[in-house]
1. So for segment 135-242, averaging the separation of alpha carbon pairs under 8 Å that are six or more residues apart and normalising by length, what relative contact order in percent results?
2. With the crude spin-label approximation of a point 7 Å out along Cα→Cβ, what separation in nm comes out for residue 99 versus residue 445?
3. Tell me, what is a quarter of the convex hull surface for the C-alpha atoms of segment 56-151, in nm² with one decimal?
4. Most exposed first by the Cβ proxy, i.e. fewest other Cβ within 10 Å, how do 35, 3, 444 rank?
5. Sorting 325, 202 on the 10 Å Cβ count, fewest up front, what's the list?
6. How many nm separate the modelled label positions at residue 70 and residue 204, each set 7 Å beyond the Cα in the direction of the Cβ?
7. Rg and Dmax of segment 5-164 over Cα atoms: what are they, in angstrom?
8. Given 20 °C and 1.002 mPa s, compute D for segment 169-252 with the Stokes-Einstein relation, Rh being the Kirkwood radius over Cα pairs; round to the nearest whole µm²/s.
Amino acid sequence: MQITQLLESNTLLTYALTTAPVPVQVSPSSGPPSIATLTFAISAPMTNGGGVVVKEITFNLPVGNPAQPDSSDLTLTSEGINPSASSSSGERWDIVPGTATGSFVLSPPAGASGEIDAQGLSVVFTGIKVSQIVGTAQLRVLETAGTGGRPSERRVAVVALAKFPYNFSAGNFSAETPLVPNGGSAILSWSGSQQAIYTILWSTHSQVVSNQRRWTSPPLSDVTSFILQVTVQQGGQTVELRFGATVVVANPSIVAKELTVDGASILKRVAVKGTLDVQDRLAAKGPVSFFAESKRIQTGFRANTDGFVIGKIFYDYPGPMKKCWGLIRGESSLGNAEATGGNCVIWGNGLISNVASSFLLPVQAGTNFRLLKFFHPESQVEPTIEITWVPLGRDGVSAPMLKKVQAPAPGKMKSFSVPSTLAVPDRTREVDTLVSALERALKIEIPRTGRGQLKKAFLDALEGKSAAKKPKPAAKRKRSAARRS
């Protein structure tokens, strides 16, 4: 999962940023520029206690001066940037250029309330020509919205977007399995270019793993979140990107810094059925089992006990690779978690890699949680999604573990499409290089028309299209022969 790097935020809505490619690459010093797509998945946290009524949201993309480029510029021109927005409710939100260069204003459709509650909203910017200098750009989101019947106020979120060197790639950070036994180890893997420092962070520990692409953790005794930090230095600039993965430990050991109770009580091999009221000291020695049962789920529920939701998204289709990208998001009163997956890592040689990731969402007893999914409209297949509920107790013998809340359809998660162009290998640069090499080898200059036809033929061949033409009628063949003679 690509982690959104928030520098500051006091907004009512959450803005999760994903990019294509991952990470964003600067443009080369010559030749066609690198093109980036930014997608903001916007949702209202359940902690707000109700929907958020939006008046407008302004996105400011840093556009620099071509005469004085800077490492903080995302691009040097706003030309070609195409914004779009969509909502799972079916409403078509409007997004238009603002008064400042690189600004775009999102507003609800005429006559609509502009409320964002259970439905999600996505905003996509395609066609961004990335600047040539490695560095970090700051994307500012100005939100004018209110909640709970209160007047709208302006709030700000600042998201850091790192621009890595041209042709640099990293990603596909995931755990081999999201659940391990107490005392077991997690096996983590990832992919990435060599010119970087790779560091794994967990709990209060860290380990540099730059020469590895597969790593086994020390023995685990509790739920553990791992972060893969990718750091690159170039031209005096340091850029950083982080990916996350969480591993659940079955029958975890409890380690508490402080526990305040009345009196003293020591339990040894005690099995409790029903309710345990502790009025004195409670001390546990050895592993403690909380996981009564785990089950696969497909929609939102109300939890009668504390627990975790584990979400996993991945590509699972045999045969030739197909376009596939998706995002899953879990929301509860304790926060949000998300993961992206499919095959959205594209290397410089045009090969596509599978991406699998997972999230861990804590859920408090007596509260609702919900699940959202986002599928790219150009995906040829949908990624496989697995959602598992892991309870930390039981609410009576006969009472159900979970109570279903309203869902759009039985067994379905709420979803909406992301209307952008899936990143695919761009062969134009390779074809330009090939045609130029032919001109040098033959010592000729191909006319513009012929050059275009030749490039199209090469592109068709690379894409597997038939270059064969239909036979000409006899009369046309005679005229052609006459012209040649």
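Laboratory data are not the source of any read-out in this text; all were calculated from the coordinates shown. Bear in mind that the values here come from a model prediction, so they are computed numbers and not experimental data. Neighbour counts run over all protein chains shown; Cβ positions are idealised from the backbone, glycine included.
1. 23
2. Spacing of the two 7 Å Cα→Cβ label points: 4.9 nm.
3. With every direction weighted equally, the projected area is 7.4 nm².
4. The order, fewest Cβ neighbours first, is 444, 3, 35.
5. Lowest to highest Cβ neighbour count: 202, 325.
6. 4.0
7. Taking only Cα atoms of segment 5-164, I get Rg and Dmax of 16.1, 54 Å.
8. 161
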